[in-house]
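Only one structure is covered here, and it is reproduced in the block below.
The values are calculated or read from the model by the stated rules, or taken from the named source; none is laboratory data. None of these values were measured; they are calculated from a predicted model. Quick reminder, even Gly has a Cβ in these numbers, built from the backbone with ideal geometry, and neighbours come from all protein chains shown. For accessibility, only protein heavy atoms count, side chains too; no ligands or nucleic acids. Shrake-Rupley method; radii C 1.70, N 1.55, O 1.52, S 1.80 Å.
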Amino acid sequence: LQKTLILLQVTLSVVVGKTLMILFPNTMKRYILKMGEKSRMNKNPKFSYENWGPTFFSFKYLLFVLKVKWKRLEDEAFEGHPAPNTPVVTLSGEVHHLLDFMGDNRPLILNFGSCT
């Protein structure tokens, strides 16, 4: 049921966004550029709006957003239930799953921190 609701929400968003891009291209360009400021996409002079702007609200965009949102459904953790087996990337770039690091009957301890 959750996946169906996400599919409907994302599809509606893409259809409305694509329609607005056709009807109001300049306004949507400003809107997309404003969204790009949040992620700093528009700070790279070699990566212009023409490279990434038109991809918004495309079929590939729809598939990507659905994939990400559906994947996040699997990452929810609930007390008393098994931990999600979330994909993780090692410093060498290899993709593993979190529970791959468990050994025998030892508990898996995750330490989240930061360096400044």
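At-a-glance table
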item: Correct choice for volume of the Cα convex hull per residue in Å³ that was computed from the model, options [x] 124; [y] 115; [z] 180; result: [z]
item: Exposure of T90 as accessible area (Å², to 10), given a probe of 1.4 Å and all protein chains; result: 40 Å²
item: Axial C-alpha extent at least 27 Å, average Kyte-Doolittle at least 0.0 - helices from the chain (DSSP); result: 2-23
item: Theoretical FRET efficiency, 1/(1+(r/R0)^6), r = Cβ-Cβ of A77 and L12, R0 35 Å, to 0.05; result: 0.75
item: Entries of K43/K71; K3/K60; K46/K69; K18/K60 with Cα pairs more than 24 Å apart; result: K43/K71; K46/K69
item: Top of M35, M102, M21 by mean-square fluctuation, Gaussian network on the chain, Cα under 10 Å; result: M102
item: Residue-normalised accessible area of the stretch 3-116, expressed per residue, 1.4 Å probe, Å²; result: 84 Å²
item: Residue-span extension gain [F101 to T19] - 0.36 nm each, minus C-alpha spacing; result: 24.9 nm
item: Model label zone, Y31; criterion: amide N under 18 Å from point 7 Å along Cα-to-beta-carbon; scope the stretch 63-90; result: 65
